[in-house]
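The values are calculated or read from the model by the stated rules, or taken from the named source; none is laboratory data. Keep in mind the model is a prediction, meaning the values are calculated, not measured. For neighbour counting, all protein chains shown are included, and Cβ atoms are generated from backbone atoms with ideal geometry for every residue, glycine included.
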Amino acid sequence: MPDILLHLVPHIAAALLYAALGFHFWHTRWHDAGRPLDPLPMQRWERIAIAATLTVQGLGLHEGLFATGTLRFSFSLAVSLMLWLAVLIYWLESFQSRMDGMQPMVLPLAAISSILPVLFPQTHEIGYANAFGFKVHFLTAMLAYSLFTLSAMHALFMGFVEQKLHRRALNKHQSSLPSILSMEALLFRMIGVAFSLLTLTLISGLLFSEQIFGKALVFDHKTLFAFASWVIFAALLFGRIKYGWRGRIALRWTLAGFLLLILAYIGSRFVSEVLLGRI
């Protein structure tokens with residue numbers, strides 16, 4: 001029992017740290033408390049605090065994934081890993097763009113995802129984890145999922161900000177936010193990279209299916225959802241280049257593709273592991 005509790009400590013600590021940082025960024029960037037309109041750039045200690053929290057969560061994820069010497073996986077570890085990568089991407093982007101105003105959105109979600117392996121500890125071992133094809137498939141899939149998760153949150157927040165701007169309801173919050181054009185450019189940059197990674201994921205699944213899973217590719221619901229999501233994001237990027245799609249159109253297409261992608265794996269694993277009790 002003590003060993004099990006010890007394994008849970010990094011997840012719990014990361015959740016508490018993310019929650020505290022989320023409250024801090026909300027209070028200093030979003031909360032209207034009579035402060036001047038001058039924007040507050042991200043401080044050095046804030047960057048260090050986020051990096052330290054990422055390290056703590058990363059240790060917990062490494063323990064959860066590789067503690068037995070093989071790869072263990074579950075929907076809770078998948079979601080936690082996705083948000084870990086999402087926070088890491090925002091943290092890296094913050095060195096080039098103003099991201100401090102976006103932190104109150106992503107950090108609370110990271111806190112929730114960090115605690116999921118504690119609430120849903122069921123895992124299953126993947127026997128083919130040492131196969132080269134699987135490593136390529138797994139890495140590209142996780143990066144793609146993380147970027148698409150971040151893109152979906154980013155698109156939702158952009159829709160919220162645009163709505164507030166149209167109503168002239170934004171006040172001191174906007175001093176800590178990037179401009180709409182900057183957020184839009186970042187959104188499509190993330191979607192472009194994520195789409196490339198998703199393409200590699202699908203190609204690696206096609207090429208290495210027999211090596212990874214011991215059988216030819218099966219067009220089940222997971223595969224169909226993944227390909228449908230690929231088509232939606234391909235159409236979105238084409239519409240952006242050809243017709244200059246933006247705003248609500250981009251939001252709807254981004255969310256539609258993201259929901260299909262979530263159903264492709266995370267949704268099916270949640271139903272199997274949590275609702276049906278299958279490992």
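A few notes on this one:
- Positions within region 60-77 being closer than 30 Å to F188 by Cβ and modelled with pLDDT of 85 or more, in sequence order: L61, L77
- Filtered residues of region 37-59 (kept if polar (S, T, N, Q) and either assigned to a helix (DSSP H, G or I) or modelled with pLDDT of 95 or more (or both)): T53, T55, Q57
- Filtered residue count, region 102-142, keeping only those that are surrounded by 19 or more Cβ atoms within 10 Å (Cβ to Cβ) and part of a loop (DSSP other than H, G, I, E, B): 1
- Evaluating D32 against the criteria (1) within 25 Å of K164 (Cβ to Cβ); (2) modelled with pLDDT of 90 or more leaves one unmet condition, (2).
- Residue check for I89: assigned to a helix (DSSP H, G or I), closer than 19 Å to L156 by Cα and assigned by TED's automatic domain parsing to the domain that holds H24: yes
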